Amino acid sequence: MDCDEHGLSKQTKSILASLISVPWPVFEWQSMRLTIIRIETLEQSTGRKLGSKFLKLVSVIFTISQVFYTVLIAVREPWAKVWRKIFSTTCPLVYLVFSLIALRGMLIPYCRMQSAVREHNLGKELGWAAKAMRTFLVGEVLLCVAAELPVAVKGLKQVPIFHDTLRKYSGWAWQTCFLLQTIGLLFLSGILQSLPVNYETLINEQDRQVRRAKAREEWRPSEDVDWHDKVKELAGRGFTVEKLLEFYTSLGASIMPHYSPSQHTTNDVVREAIIPLSSESGTSYAEVMMGGKYTLAEKMVTHNWSNLFHDLVACIIADVLETCEFNVVAQLLSHNLPYLRAKIEAEGKTERIYWVCAFSVRQHNSICGANPRGDKDPVTGMLHPICACNRPKFFNATPPLDASGKSISCEMNKFTDMIRYLAAVDPKFSQVVAVDTQFELFNRAWCVAEVAKAHELGLDQQVIIRSLWHLDSNQKDLQNLKIELMQASRPEDVQEILKDIPDTNLFNKHLQTVFFHRESGLVASWKQLSMEQQLQSIGQVVGWLFACEQGEHYEQCSDSDSSLSHDDELVVGEV
(Lines give C-alpha, C1' and ligand atoms only; values in the text may rest on other atoms or scores of the structure.)
Protein backbone atom coordinates (compact mmCIF):
# COMPACT_ATOMS: atom_id res chain seq x y z
CA MET A 1 0.00 0.00 0.00
CA ASP A 2 1.42 3.41 -0.99
CA CYS A 3 1.86 5.72 2.00
CA ASP A 4 3.21 9.25 2.40
CA GLU A 5 5.80 10.43 4.92
CA HIS A 6 3.08 10.50 7.63
CA GLY A 7 2.08 6.91 6.95
CA LEU A 8 -1.26 7.81 5.37
CA SER A 9 -2.52 5.83 2.42
CA LYS A 10 -4.20 7.50 -0.56
CA GLN A 11 -7.54 6.01 0.47
CA THR A 12 -7.18 7.36 4.01
CA LYS A 13 -6.29 10.80 2.68
CA SER A 14 -9.36 10.70 0.40
CA ILE A 15 -11.62 9.85 3.32
CA LEU A 16 -10.10 12.67 5.40
CA ALA A 17 -10.58 15.09 2.51
CA SER A 18 -14.21 14.00 2.30
CA LEU A 19 -14.72 14.60 6.02
CA ILE A 20 -13.02 18.01 5.87
CA SER A 21 -15.40 19.08 3.10
CA VAL A 22 -18.48 18.34 5.27
CA PRO A 23 -18.67 21.65 7.27
CA TRP A 24 -19.06 23.76 4.12
CA PRO A 25 -22.28 22.10 2.85
CA VAL A 26 -23.59 22.11 6.44
CA PHE A 27 -23.47 25.92 6.31
CA GLU A 28 -25.31 25.86 2.99
CA TRP A 29 -27.94 23.43 4.23
CA GLN A 30 -28.51 25.59 7.31
CA SER A 31 -28.87 28.73 5.20
CA MET A 32 -31.34 26.96 2.89
CA ARG A 33 -33.38 25.74 5.85
CA LEU A 34 -33.53 29.25 7.34
CA THR A 35 -34.49 30.73 3.99
CA ILE A 36 -37.34 28.26 3.50
CA ILE A 37 -38.65 29.01 7.00
CA ARG A 38 -38.56 32.77 6.30
CA ILE A 39 -40.36 32.42 2.96
CA GLU A 40 -43.00 30.12 4.48
CA THR A 41 -43.62 32.67 7.24
CA LEU A 42 -44.08 35.43 4.66
CA GLU A 43 -46.44 33.21 2.65
CA GLN A 44 -48.61 32.45 5.68
CA SER A 45 -48.85 36.07 6.78
CA THR A 46 -49.32 37.63 3.31
CA GLY A 47 -51.62 34.89 2.02
CA ARG A 48 -49.60 34.72 -1.21
CA LYS A 49 -47.43 32.04 -2.81
CA LEU A 50 -43.80 33.13 -2.77
CA GLY A 51 -42.08 29.94 -3.93
CA SER A 52 -41.55 27.85 -0.78
CA LYS A 53 -42.55 24.62 -2.57
CA PHE A 54 -39.99 25.22 -5.31
CA LEU A 55 -37.38 26.05 -2.69
CA LYS A 56 -38.01 22.73 -0.94
CA LEU A 57 -37.66 20.85 -4.25
CA VAL A 58 -34.44 22.63 -5.17
CA SER A 59 -33.04 22.05 -1.68
CA VAL A 60 -33.64 18.31 -2.07
CA ILE A 61 -31.81 18.32 -5.42
CA PHE A 62 -28.95 20.28 -3.84
CA THR A 63 -28.73 17.87 -0.90
CA ILE A 64 -28.59 14.82 -3.17
CA SER A 65 -25.93 16.43 -5.37
CA GLN A 66 -23.88 17.49 -2.34
CA VAL A 67 -24.05 14.00 -0.79
CA PHE A 68 -22.89 12.38 -4.01
CA TYR A 69 -20.05 14.89 -4.36
CA THR A 70 -18.92 14.35 -0.75
CA VAL A 71 -18.94 10.55 -1.17
CA LEU A 72 -17.07 10.71 -4.48
CA ILE A 73 -14.22 12.65 -2.88
CA ALA A 74 -13.20 9.41 -1.17
CA VAL A 75 -13.26 7.43 -4.43
CA ARG A 76 -10.05 7.45 -6.49
CA GLU A 77 -11.38 5.75 -9.59
CA PRO A 78 -11.13 7.65 -12.93
CA TRP A 79 -14.88 7.68 -13.39
CA ALA A 80 -15.30 9.26 -9.96
CA LYS A 81 -13.11 12.18 -10.99
CA VAL A 82 -15.44 12.92 -13.91
CA TRP A 83 -18.53 12.83 -11.67
CA ARG A 84 -16.83 14.97 -9.07
CA LYS A 85 -16.34 17.68 -11.69
CA ILE A 86 -19.98 17.39 -12.71
CA PHE A 87 -21.29 17.65 -9.15
CA SER A 88 -18.80 20.37 -8.20
CA THR A 89 -20.41 22.47 -10.93
CA THR A 90 -23.98 21.28 -10.35
CA CYS A 91 -24.12 22.12 -6.62
CA PRO A 92 -23.32 25.85 -7.00
CA LEU A 93 -25.69 26.14 -9.96
CA VAL A 94 -28.49 24.51 -7.99
CA TYR A 95 -27.77 26.84 -5.07
CA LEU A 96 -27.87 29.80 -7.47
CA VAL A 97 -31.33 28.73 -8.64
CA PHE A 98 -32.39 28.40 -4.99
CA SER A 99 -31.10 31.88 -4.19
CA LEU A 100 -32.85 33.45 -7.18
CA ILE A 101 -36.19 31.88 -6.18
CA ALA A 102 -35.67 33.02 -2.59
CA LEU A 103 -34.75 36.55 -3.65
CA ARG A 104 -37.85 36.70 -5.82
CA GLY A 105 -39.98 35.58 -2.85
CA MET A 106 -38.52 38.34 -0.70
CA LEU A 107 -38.56 41.00 -3.39
CA ILE A 108 -42.33 40.66 -3.98
CA PRO A 109 -43.31 41.98 -0.51
CA TYR A 110 -40.39 44.41 -0.47
CA CYS A 111 -41.35 45.91 -3.85
CA ARG A 112 -44.98 46.15 -2.71
CA MET A 113 -43.87 48.18 0.28
CA GLN A 114 -41.62 50.36 -1.86
CA SER A 115 -44.53 50.92 -4.23
CA ALA A 116 -46.68 52.07 -1.31
CA VAL A 117 -43.88 54.37 -0.21
CA ARG A 118 -43.53 55.96 -3.68
CA GLU A 119 -47.18 56.15 -4.67
CA HIS A 120 -48.81 56.92 -1.34
CA ASN A 121 -46.09 58.57 0.74
CA LEU A 122 -45.97 55.82 3.35
CA GLY A 123 -42.19 55.83 3.79
CA LYS A 124 -42.36 57.01 7.38
CA GLU A 125 -45.01 54.55 8.48
CA LEU A 126 -43.49 51.54 6.66
CA GLY A 127 -39.86 52.41 7.35
CA TRP A 128 -39.46 49.69 10.00
CA ALA A 129 -40.78 46.96 7.69
CA ALA A 130 -38.74 48.08 4.67
CA LYS A 131 -35.57 48.19 6.77
CA ALA A 132 -36.16 44.67 8.08
CA MET A 133 -36.83 43.33 4.58
CA ARG A 134 -33.61 44.92 3.33
CA THR A 135 -31.77 43.05 6.07
CA PHE A 136 -33.25 39.74 4.89
CA LEU A 137 -32.40 40.54 1.27
CA VAL A 138 -28.81 41.47 2.11
CA GLY A 139 -28.43 38.22 4.04
CA GLU A 140 -29.71 36.17 1.11
CA VAL A 141 -27.46 38.00 -1.37
CA LEU A 142 -24.40 37.41 0.82
CA LEU A 143 -25.21 33.69 1.03
CA CYS A 144 -25.61 33.53 -2.73
CA VAL A 145 -22.26 35.30 -3.33
CA ALA A 146 -20.53 33.01 -0.83
CA ALA A 147 -21.86 29.94 -2.64
CA GLU A 148 -20.92 31.13 -6.12
CA LEU A 149 -17.54 32.72 -5.35
CA PRO A 150 -15.60 29.40 -5.38
CA VAL A 151 -17.03 28.57 -8.81
CA ALA A 152 -16.09 32.01 -10.10
CA VAL A 153 -12.55 31.67 -8.74
CA LYS A 154 -12.21 28.20 -10.22
CA GLY A 155 -13.39 29.42 -13.61
CA LEU A 156 -11.12 32.46 -13.63
CA LYS A 157 -8.15 30.21 -12.87
CA GLN A 158 -8.53 28.85 -16.36
CA VAL A 159 -7.83 32.32 -17.76
CA PRO A 160 -4.04 32.73 -18.10
CA ILE A 161 -4.00 36.37 -17.02
CA PHE A 162 -5.63 35.50 -13.66
CA HIS A 163 -4.11 32.05 -13.08
CA ASP A 164 -1.03 32.98 -11.05
CA THR A 165 -2.75 35.67 -9.02
CA LEU A 166 -5.69 33.47 -8.05
CA ARG A 167 -3.42 30.57 -7.13
CA LYS A 168 -1.54 32.91 -4.82
CA TYR A 169 -4.68 34.28 -3.14
CA SER A 170 -7.01 31.26 -3.42
CA GLY A 171 -6.80 30.76 0.36
CA TRP A 172 -8.11 34.28 0.93
CA ALA A 173 -10.99 33.54 -1.43
CA TRP A 174 -12.13 30.59 0.67
CA GLN A 175 -11.82 32.60 3.87
CA THR A 176 -13.89 35.37 2.26
CA CYS A 177 -16.57 32.82 1.35
CA PHE A 178 -16.71 31.57 4.92
CA LEU A 179 -16.95 35.13 6.26
CA LEU A 180 -19.72 36.08 3.82
CA GLN A 181 -21.71 32.96 4.62
CA THR A 182 -21.38 33.57 8.36
CA ILE A 183 -22.54 37.19 8.02
CA GLY A 184 -25.39 36.13 5.72
CA LEU A 185 -26.59 33.57 8.26
CA LEU A 186 -26.46 36.18 11.02
CA PHE A 187 -28.59 38.58 8.95
CA LEU A 188 -31.07 35.86 8.02
CA SER A 189 -31.34 34.48 11.56
CA GLY A 190 -32.13 37.90 13.04
CA ILE A 191 -29.50 37.72 15.77
CA LEU A 192 -28.17 41.15 14.79
CA GLN A 193 -31.62 42.78 15.03
CA SER A 194 -33.14 41.37 18.20
CA LEU A 195 -32.42 42.69 21.67
CA PRO A 196 -31.45 40.31 24.47
CA VAL A 197 -34.03 39.24 27.01
CA ASN A 198 -35.02 42.27 29.06
CA TYR A 199 -35.25 41.08 32.65
CA GLU A 200 -36.62 44.46 33.76
CA THR A 201 -39.58 43.89 31.44
CA LEU A 202 -40.14 40.45 32.98
CA ILE A 203 -40.05 41.99 36.46
CA ASN A 204 -42.54 44.69 35.40
CA GLU A 205 -44.86 42.01 34.03
CA GLN A 206 -44.64 40.07 37.28
CA ASP A 207 -45.41 43.27 39.17
CA ARG A 208 -48.46 43.86 36.94
CA GLN A 209 -49.75 40.36 37.63
CA VAL A 210 -49.30 40.91 41.37
CA ARG A 211 -51.29 44.17 41.18
CA ARG A 212 -53.98 42.40 39.17
CA ALA A 213 -54.31 39.56 41.65
CA LYS A 214 -54.37 41.97 44.58
CA ALA A 215 -57.05 44.16 42.97
CA ARG A 216 -59.31 41.17 42.29
CA GLU A 217 -58.86 39.90 45.82
CA GLU A 218 -59.54 43.27 47.46
CA TRP A 219 -62.48 44.35 45.30
CA ARG A 220 -65.78 44.79 47.06
CA PRO A 221 -69.03 46.19 45.63
CA SER A 222 -70.10 49.65 46.72
CA GLU A 223 -72.03 49.78 49.97
CA ASP A 224 -74.60 51.84 48.09
CA VAL A 225 -76.66 49.16 46.35
CA ASP A 226 -78.10 51.57 43.79
CA TRP A 227 -74.62 52.80 42.88
CA HIS A 228 -73.35 49.25 42.40
CA ASP A 229 -76.40 48.31 40.33
CA LYS A 230 -75.70 51.21 37.97
CA VAL A 231 -72.01 50.17 37.69
CA LYS A 232 -73.03 46.59 36.92
CA GLU A 233 -75.57 47.81 34.37
CA LEU A 234 -72.92 49.89 32.59
CA ALA A 235 -70.53 46.94 32.45
CA GLY A 236 -73.10 44.92 30.51
CA ARG A 237 -73.34 47.35 27.61
CA GLY A 238 -70.64 45.84 25.46
CA PHE A 239 -71.01 45.19 21.74
CA THR A 240 -69.37 42.79 19.30
CA VAL A 241 -66.91 43.59 16.54
CA GLU A 242 -69.48 42.30 14.06
CA LYS A 243 -72.06 44.89 15.19
CA LEU A 244 -69.45 47.65 15.07
CA LEU A 245 -68.57 46.79 11.45
CA GLU A 246 -72.26 46.67 10.54
CA PHE A 247 -72.70 50.17 11.96
CA TYR A 248 -69.60 51.51 10.22
CA THR A 249 -70.66 49.98 6.90
CA SER A 250 -73.97 51.85 7.14
CA LEU A 251 -72.29 55.23 7.73
CA GLY A 252 -72.39 57.30 4.57
CA ALA A 253 -75.29 55.21 3.27
CA SER A 254 -78.42 54.55 5.31
CA ILE A 255 -76.91 56.27 8.36
CA MET A 256 -75.55 59.83 8.21
CA PRO A 257 -75.36 59.94 4.38
CA HIS A 258 -72.92 62.86 4.33
CA TYR A 259 -70.42 61.01 6.57
CA SER A 260 -66.79 61.72 5.66
CA PRO A 261 -64.10 59.47 7.22
CA SER A 262 -61.53 62.22 6.79
CA GLN A 263 -63.54 64.92 8.61
CA HIS A 264 -66.12 63.56 11.03
CA THR A 265 -64.99 63.05 14.60
CA THR A 266 -66.45 60.71 17.19
CA ASN A 267 -68.30 63.72 18.58
CA ASP A 268 -69.91 64.32 15.17
CA VAL A 269 -70.99 60.69 14.82
CA VAL A 270 -72.46 60.62 18.33
CA ARG A 271 -74.45 63.79 17.70
CA GLU A 272 -75.67 62.95 14.19
CA ALA A 273 -75.94 59.15 14.16
CA ILE A 274 -75.78 57.47 17.56
CA ILE A 275 -78.17 59.84 19.36
CA PRO A 276 -80.82 59.89 16.61
CA LEU A 277 -80.67 56.07 16.19
CA SER A 278 -81.23 55.47 19.92
CA SER A 279 -83.76 58.26 20.42
CA GLU A 280 -86.85 56.06 20.21
CA SER A 281 -85.63 53.55 22.80
CA GLY A 282 -83.87 56.11 24.98
CA THR A 283 -81.15 53.56 25.69
CA SER A 284 -77.46 53.43 24.77
CA TYR A 285 -76.76 52.54 21.15
CA ALA A 286 -74.84 49.47 22.34
CA GLU A 287 -78.14 48.17 23.73
CA VAL A 288 -79.80 48.86 20.38
CA MET A 289 -77.04 47.03 18.51
CA MET A 290 -77.21 44.00 20.82
CA GLY A 291 -81.01 43.88 20.94
CA GLY A 292 -81.14 44.76 24.64
CA LYS A 293 -79.04 41.72 25.61
CA TYR A 294 -76.80 42.16 28.67
CA THR A 295 -73.31 41.87 27.15
CA LEU A 296 -70.40 41.95 29.58
CA ALA A 297 -67.45 43.80 28.09
CA GLU A 298 -64.14 41.99 27.50
CA LYS A 299 -62.18 45.12 26.63
CA MET A 300 -62.70 48.78 27.44
CA VAL A 301 -61.62 51.31 24.83
CA THR A 302 -60.23 54.59 26.12
CA HIS A 303 -60.45 57.32 23.46
CA ASN A 304 -61.03 61.04 22.98
CA TRP A 305 -64.07 62.34 21.17
CA SER A 306 -62.05 64.84 19.13
CA ASN A 307 -60.41 61.94 17.28
CA LEU A 308 -61.73 60.94 13.86
CA PHE A 309 -64.38 58.27 14.26
CA HIS A 310 -62.76 56.42 11.36
CA ASP A 311 -59.51 56.23 13.34
CA LEU A 312 -61.30 55.06 16.49
CA VAL A 313 -62.80 52.13 14.58
CA ALA A 314 -59.41 51.44 12.97
CA CYS A 315 -57.82 51.28 16.44
CA ILE A 316 -60.38 48.72 17.61
CA ILE A 317 -59.88 46.59 14.49
CA ALA A 318 -56.10 46.86 14.90
CA ASP A 319 -56.51 45.45 18.40
CA VAL A 320 -58.67 42.65 17.03
CA LEU A 321 -55.90 41.84 14.54
CA GLU A 322 -53.30 42.11 17.32
CA THR A 323 -51.19 44.94 15.93
CA CYS A 324 -50.19 48.10 17.78
CA GLU A 325 -50.44 50.32 14.67
CA PHE A 326 -53.68 51.28 12.92
CA ASN A 327 -52.25 53.04 9.86
CA VAL A 328 -52.68 50.29 7.26
CA VAL A 329 -55.85 49.02 8.96
CA ALA A 330 -57.31 52.50 8.44
CA GLN A 331 -56.62 52.20 4.72
CA LEU A 332 -58.36 48.83 4.58
CA LEU A 333 -61.32 50.28 6.47
CA SER A 334 -61.69 52.93 3.77
CA HIS A 335 -60.78 50.95 0.67
CA ASN A 336 -61.37 47.22 1.17
CA LEU A 337 -63.74 46.66 4.07
CA PRO A 338 -64.95 43.27 2.71
CA TYR A 339 -61.40 41.92 2.96
CA LEU A 340 -61.11 43.23 6.51
CA ARG A 341 -64.37 41.60 7.55
CA ALA A 342 -63.40 38.32 5.88
CA LYS A 343 -60.07 38.30 7.69
CA ILE A 344 -61.69 38.90 11.07
CA GLU A 345 -64.26 36.19 10.38
CA ALA A 346 -61.53 33.76 9.28
CA GLU A 347 -59.73 34.34 12.59
CA GLY A 348 -62.96 33.80 14.53
CA LYS A 349 -62.88 37.21 16.21
CA THR A 350 -66.20 38.74 15.17
CA GLU A 351 -67.72 38.05 18.61
CA ARG A 352 -65.09 39.89 20.62
CA ILE A 353 -66.81 42.35 22.92
CA TYR A 354 -65.72 45.96 23.41
CA TRP A 355 -66.97 48.82 25.56
CA VAL A 356 -66.83 52.36 24.16
CA CYS A 357 -68.43 55.25 26.03
CA ALA A 358 -69.81 56.81 22.84
CA PHE A 359 -71.86 53.64 22.24
CA SER A 360 -72.29 52.32 25.77
CA VAL A 361 -73.41 55.40 27.72
CA ARG A 362 -77.04 56.49 27.49
CA GLN A 363 -76.60 59.84 25.78
CA HIS A 364 -80.32 60.53 26.24
CA ASN A 365 -79.76 60.79 29.97
CA SER A 366 -76.83 63.16 29.57
CA ILE A 367 -75.78 65.32 26.60
CA CYS A 368 -78.43 64.91 23.90
CA GLY A 369 -80.52 67.92 24.90
CA ALA A 370 -77.92 70.68 24.40
CA ASN A 371 -75.03 71.84 22.23
CA PRO A 372 -73.33 74.27 24.63
CA ARG A 373 -70.26 74.96 22.47
CA GLY A 374 -72.20 75.34 19.25
CA ASP A 375 -70.39 72.46 17.52
CA LYS A 376 -71.01 72.23 13.77
CA ASP A 377 -70.87 69.49 11.22
CA PRO A 378 -67.54 69.89 9.34
CA VAL A 379 -69.14 68.90 6.00
CA THR A 380 -72.52 70.67 6.03
CA GLY A 381 -71.53 73.52 8.35
CA MET A 382 -74.79 73.10 10.23
CA LEU A 383 -75.08 73.05 14.03
CA HIS A 384 -75.34 69.62 15.58
CA PRO A 385 -79.03 68.86 16.14
CA ILE A 386 -80.61 68.90 19.57
CA CYS A 387 -82.50 65.75 20.55
CA ALA A 388 -86.18 66.25 21.36
CA CYS A 389 -86.54 63.13 23.52
CA ASN A 390 -87.03 65.26 26.69
CA ARG A 391 -85.76 62.43 28.90
CA PRO A 392 -84.35 63.38 32.31
CA LYS A 393 -80.64 64.28 32.40
CA PHE A 394 -78.24 63.19 35.13
CA PHE A 395 -74.90 64.88 35.74
CA ASN A 396 -72.38 64.67 38.60
CA ALA A 397 -74.45 66.61 41.11
CA THR A 398 -77.94 65.49 40.03
CA PRO A 399 -79.92 63.86 42.90
CA PRO A 400 -80.14 61.28 44.24
CA LEU A 401 -76.59 61.46 45.62
CA ASP A 402 -74.45 58.90 47.41
CA ALA A 403 -72.67 59.54 50.71
CA SER A 404 -69.78 61.32 48.91
CA GLY A 405 -72.14 63.70 47.09
CA LYS A 406 -71.95 62.02 43.66
CA SER A 407 -75.00 61.44 41.51
CA ILE A 408 -76.16 57.81 41.57
CA SER A 409 -78.08 58.00 38.28
CA CYS A 410 -75.26 59.73 36.37
CA GLU A 411 -73.35 57.28 34.19
CA MET A 412 -70.36 59.46 33.33
CA ASN A 413 -68.93 59.43 36.86
CA LYS A 414 -68.70 55.64 37.13
CA PHE A 415 -66.10 54.67 34.53
CA THR A 416 -63.33 53.91 37.02
CA ASP A 417 -65.73 51.94 39.22
CA MET A 418 -66.85 49.99 36.20
CA ILE A 419 -63.21 49.20 35.37
CA ARG A 420 -62.75 47.89 38.92
CA TYR A 421 -65.87 45.74 38.62
CA LEU A 422 -64.92 44.24 35.24
CA ALA A 423 -61.35 43.63 36.42
CA ALA A 424 -62.75 41.73 39.40
CA VAL A 425 -65.25 39.53 37.55
CA ASP A 426 -63.18 38.80 34.42
CA PRO A 427 -59.51 37.80 34.81
CA LYS A 428 -58.93 38.47 31.10
CA PHE A 429 -60.51 41.92 31.02
CA SER A 430 -58.13 44.45 29.46
CA GLN A 431 -57.90 48.02 28.23
CA VAL A 432 -57.36 49.34 24.71
CA VAL A 433 -55.98 52.87 24.51
CA ALA A 434 -56.98 54.27 21.10
CA VAL A 435 -54.49 57.09 20.58
CA ASP A 436 -55.23 59.83 18.05
CA THR A 437 -52.61 61.09 15.60
CA GLN A 438 -51.88 64.23 17.64
CA PHE A 439 -51.74 62.28 20.93
CA GLU A 440 -54.37 64.64 22.37
CA LEU A 441 -55.80 61.74 24.33
CA PHE A 442 -53.08 62.12 26.97
CA ASN A 443 -54.15 65.69 27.65
CA ARG A 444 -57.76 64.71 28.34
CA ALA A 445 -58.66 64.26 32.01
CA TRP A 446 -61.01 61.28 31.90
CA CYS A 447 -58.87 59.43 29.39
CA VAL A 448 -55.81 59.71 31.61
CA ALA A 449 -57.92 58.72 34.62
CA GLU A 450 -58.94 55.50 32.87
CA VAL A 451 -55.34 54.73 31.91
CA ALA A 452 -54.26 55.42 35.49
CA LYS A 453 -56.94 53.19 36.98
CA ALA A 454 -56.20 50.34 34.58
CA HIS A 455 -52.50 50.58 35.48
CA GLU A 456 -53.29 50.59 39.19
CA LEU A 457 -55.45 47.46 38.81
CA GLY A 458 -52.74 45.67 36.80
CA LEU A 459 -54.84 45.37 33.63
CA ASP A 460 -53.17 44.37 30.40
CA GLN A 461 -53.06 47.63 28.40
CA GLN A 462 -52.85 47.64 24.61
CA VAL A 463 -51.83 51.06 23.31
CA ILE A 464 -52.82 51.47 19.64
CA ILE A 465 -51.15 54.29 17.70
CA ARG A 466 -51.14 55.34 14.06
CA SER A 467 -47.54 54.22 13.55
CA LEU A 468 -44.32 53.82 15.50
CA TRP A 469 -42.90 56.64 13.38
CA HIS A 470 -45.58 59.01 14.71
CA LEU A 471 -44.73 57.99 18.24
CA ASP A 472 -41.02 58.49 17.63
CA SER A 473 -41.55 61.89 15.96
CA ASN A 474 -43.68 63.10 18.87
CA GLN A 475 -41.28 61.79 21.49
CA LYS A 476 -40.06 65.20 22.61
CA ASP A 477 -43.57 66.46 23.40
CA LEU A 478 -44.70 63.18 24.93
CA GLN A 479 -41.70 63.06 27.24
CA ASN A 480 -43.09 66.18 28.89
CA LEU A 481 -46.46 64.56 29.60
CA LYS A 482 -47.59 65.10 33.16
CA ILE A 483 -50.91 64.02 34.53
CA GLU A 484 -51.09 67.26 36.53
CA LEU A 485 -51.31 69.27 33.27
CA MET A 486 -54.27 67.44 31.73
CA GLN A 487 -57.43 69.22 30.65
CA ALA A 488 -61.15 68.70 31.10
CA SER A 489 -64.32 70.44 30.12
CA ARG A 490 -64.81 71.25 33.82
CA PRO A 491 -61.81 72.16 36.08
CA GLU A 492 -63.34 70.31 39.04
CA ASP A 493 -63.00 67.03 37.11
CA VAL A 494 -59.20 67.38 37.12
CA GLN A 495 -59.06 67.69 40.90
CA GLU A 496 -61.43 64.76 41.35
CA ILE A 497 -59.30 62.56 39.10
CA LEU A 498 -56.03 63.55 40.78
CA LYS A 499 -57.46 62.41 44.10
CA ASP A 500 -57.66 58.86 42.72
CA ILE A 501 -53.98 58.79 41.70
CA PRO A 502 -51.94 58.35 44.89
CA ASP A 503 -48.52 58.89 43.28
CA THR A 504 -48.53 61.20 40.25
CA ASN A 505 -44.74 60.93 39.78
CA LEU A 506 -44.98 57.14 39.63
CA PHE A 507 -47.80 57.32 37.09
CA ASN A 508 -45.90 59.84 34.93
CA LYS A 509 -42.96 57.45 34.97
CA HIS A 510 -45.27 54.63 33.91
CA LEU A 511 -46.46 56.62 30.88
CA GLN A 512 -42.85 57.19 29.81
CA THR A 513 -42.08 53.50 30.25
CA VAL A 514 -45.05 52.50 28.08
CA PHE A 515 -43.79 54.66 25.23
CA PHE A 516 -40.06 55.17 25.41
CA HIS A 517 -38.34 52.59 27.59
CA ARG A 518 -35.18 51.63 25.69
CA GLU A 519 -36.04 47.95 25.66
CA SER A 520 -39.69 47.54 26.66
CA GLY A 521 -41.37 50.68 25.26
CA LEU A 522 -43.47 50.82 22.11
CA VAL A 523 -40.62 52.42 20.15
CA ALA A 524 -38.39 49.45 20.97
CA SER A 525 -41.13 46.82 20.68
CA TRP A 526 -40.20 46.00 17.09
CA LYS A 527 -36.66 45.05 18.13
CA GLN A 528 -38.01 42.81 20.87
CA LEU A 529 -39.72 40.58 18.29
CA SER A 530 -38.02 37.44 17.07
CA MET A 531 -37.14 37.23 13.39
CA GLU A 532 -40.16 35.03 12.73
CA GLN A 533 -42.45 37.50 14.53
CA GLN A 534 -40.95 40.37 12.54
CA LEU A 535 -41.61 38.51 9.30
CA GLN A 536 -45.17 37.75 10.38
CA SER A 537 -45.73 41.45 11.06
CA ILE A 538 -44.18 42.41 7.73
CA GLY A 539 -46.22 39.80 5.89
CA GLN A 540 -49.40 41.02 7.57
CA VAL A 541 -48.71 44.60 6.49
CA VAL A 542 -47.87 43.50 2.93
CA GLY A 543 -51.02 41.36 2.78
CA TRP A 544 -53.05 44.39 3.86
CA LEU A 545 -51.35 46.55 1.22
CA PHE A 546 -52.25 44.03 -1.49
CA ALA A 547 -55.82 44.04 -0.16
CA CYS A 548 -55.89 47.85 -0.27
CA GLU A 549 -54.69 47.73 -3.86
CA GLN A 550 -57.63 45.52 -4.74
CA GLY A 551 -60.08 48.06 -3.28
CA GLU A 552 -62.14 50.22 -5.57
CA HIS A 553 -60.66 53.55 -4.47
CA TYR A 554 -57.13 52.69 -3.43
CA GLU A 555 -55.78 55.42 -5.70
CA GLN A 556 -56.92 57.88 -3.04
CA CYS A 557 -55.10 56.02 -0.27
CA SER A 558 -52.75 57.19 2.49
CA ASP A 559 -51.79 60.84 2.86
CA SER A 560 -54.02 61.84 -0.06
CA ASP A 561 -56.73 60.29 2.11
CA SER A 562 -56.97 62.70 5.00
CA SER A 563 -58.07 59.87 7.26
CA LEU A 564 -54.33 59.33 7.50
CA SER A 565 -53.31 62.97 7.40
CA HIS A 566 -55.79 65.26 9.03
CA ASP A 567 -53.67 67.57 11.15
CA ASP A 568 -55.35 70.66 9.71
CA GLU A 569 -58.87 69.27 9.74
CA LEU A 570 -59.30 67.92 13.24
CA VAL A 571 -62.45 69.20 14.84
CA VAL A 572 -62.29 69.46 18.60
CA GLY A 573 -65.15 67.49 20.08
CA GLU A 574 -66.29 66.62 23.51
CA VAL A 575 -64.42 64.34 25.88
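The values are calculated or read from the model by the stated rules, or taken from the named source; none is laboratory data. Note that this is a predicted model, so its numbers are computed, not measured. Using ideal geometry, Cβ is built from the backbone for each residue, glycine included, and neighbour counts are taken over all protein chains shown. For the accessible areas, the whole protein counts, side chains as well, though only heavy atoms, and no ligand, DNA or RNA atoms are used. Shrake-Rupley method; radii C 1.70, N 1.55, O 1.52, S 1.80 Å.
Points to keep in mind about this one:
- Of K232/K499; K243/K509; K230/K376, those spanning more than 27 Å from alpha-carbon to alpha-carbon: K243/K509; K230/K376
- For V463, residues with placed amide H under 5 Å, excluding near neighbours: V433
- Annotation for A342 and R391: the two label points, set 7 Å from Cα along the Cα-Cβ direction, are 3.9 nm apart.
- Rolling a 1.4 Å probe over the protein heavy atoms of region 373-501, with every protein chain left in place, gives an accessible area that is 53 percent carbon and sulfur.
- P(r) tail fraction, region 345-387 - alpha-carbon pairs more than 16 Å apart, %: 60
- Per residue, in Å², the accessible surface of region 421-461 once ligands and nucleic acids are set aside, probe 1.4 Å: 25
- Bins of 10 Å from zero: percent of alpha-carbon pairs in region 310-350: 34, 62, 5
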